[in-house]
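A short worksheet on the structure shown next.
The values are calculated or read from the model by the stated rules, or taken from the named source; none is laboratory data. Model, not experiment: these values are computed from the prediction. When we count neighbours, we look across all protein chains shown, and the Cβ atoms used for this are built from the backbone with ideal geometry, even at glycine. Side chains are part of the model used for accessible areas, which takes the heavy atoms of the whole protein and leaves out ligands, DNA and RNA. Shrake-Rupley method; radii C 1.70, N 1.55, O 1.52, S 1.80 Å.
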Amino acid sequence: MPPAIRFDVVTVFPEIFGPVFAAGVVGRAMARGLVQLEAHDLRRYAHDRHRQVDDVPYGGGPGMVLKPEPLFEAIEEIKAHNSGPVILLEPWGERFDQGLARELAGEPGLVLVCGRYEGIDDRVRQAQADREVSIGDYVLSGGELAAMVIIDAVSRLVPGVLGDEESLAGDSFAGDELGHPQYTRPAEYRGLRVPEVLLSGNHKEIEAWRRAQARRRTLARAGAPRPER
Ligand code: 6GU
């Protein structure tokens, strides 16, 4: 059985992807062959014996820029076996959210290209990228953490990845409402009691309480200050 989705990541730190996804829901989906992840070492595509993948920016300025040749060649090689969109991870990209996660979960694969340093030579964007994505309004030192966030959020939307399909329905953002508070045993801990209605066994009342709580969270978030764009 071919995987439901395949992620190819281009990065100067391929070794950090394995441990992150060894455990948990995505790790299990990988072990089951449902999700496939390959992290490609950009340095393998370098042209010189120092395996240099970055260089000083034209026009001057601080920092280094990822050179076009290794990126072009890595992406072209990956495209031969991954027909999904090529996504550059850059802080100025389109904002990643649950809607974009749903959209990307419908793809056969994603090619995730991690920026580093001051950025990626813009010709990579012009000639190779289908879109640029950011995970929020803050600057990370590279696209790797963003790629991991996207891999996790997208993988768990792939049918069969979550053990119990039910657990998607109650997700925050599954509808347009945020999730309700959850409790488990014991019913009282350090003087903090579980709301009585949840112990009542009255499923209609429990459902109504949960809806009201979810609405409260949703409204609280809607009114919360948001970062400027
Ligand atoms: Cl995708 N990359 C970097 N470097 N910083 C980010 C980001 C991506 N998304 C938010 N901040």
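Which residues, counting only those in segment 116-155, are near the ligand (Cβ under 9 Å from one of its atoms), among the acidic types (Asp, Glu) and loosely packed, with under 13 Cβ neighbours inside 10 Å?
Of everything in segment 116-155, just one residue is near the ligand (Cβ under 9 Å from one of its atoms), among the acidic types (Asp, Glu) and loosely packed, with under 13 Cβ neighbours inside 10 Å, namely ASP137.
Out of all the residues in segment 27-43, is one or more within 16 Å of the ligand (Cβ to nearest atom) and open to solvent by 50 Å² or more (accessible area, probe 1.4 Å)?
no
When segment 66-89 is examined, which residues are found to be crowded, with 20+ Cβ neighbours inside 10 Å and either within 16 Å of the ligand (Cβ to nearest atom) or at pLDDT below 95 (or both)?
LEU66, LEU71, VAL86, ILE87, LEU88, LEU89
Give me the residue from segment 159-186 that is within 25 Å of THR218 (Cα to Cα) and either hydrophobic (A, V, I, L, M, F, W, C) or within 16 Å of the ligand (Cβ to nearest atom) (or both) and, out of that set, modelled with the highest pLDDT.
LEU162
Could you tell me which numbered condition GLU94 fails, if it satisfies all but one of (1) surrounded by 15 or more Cβ atoms within 10 Å (Cβ to Cβ); (2) in a strand (DSSP E or B); (3) not small (Gly, Ala, Ser)?
Among (1) surrounded by 15 or more Cβ atoms within 10 Å (Cβ to Cβ); (2) in a strand (DSSP E or B); (3) not small (Gly, Ala, Ser), GLU94 violates only (1).
Report every pair of residues separated by at least 6 positions or lying on different chains whose Cβ atoms are under 6 Å apart, first residue within segment 132-145 and in contact (Cβ under 8 Å) with a residue 60 or more places away in the chain, second hydroxyl-bearing (Ser, Thr, Tyr) and more than 7 Å from the ligand (Cβ to nearest atom).
Pairs found: GLU144/THR11.
Hey, among VAL124, VAL139, which residue is β-branched (Val, Ile, Thr), assigned by TED's automatic domain parsing to the domain that holds ARG28 and part of a loop (DSSP other than H, G, I, E, B)?
VAL139
If the Cβ limit is 7 Å and pairs must be 6+ apart or interchain, which residue in segment 40-54 that is among the acidic types (Asp, Glu) pairs with which residue that is part of a strand (DSSP E or B) and surrounded by 17 or more Cβ atoms within 10 Å (Cβ to Cβ)?
Hits for this filter: ASP54/VAL65; ASP54/LEU66.
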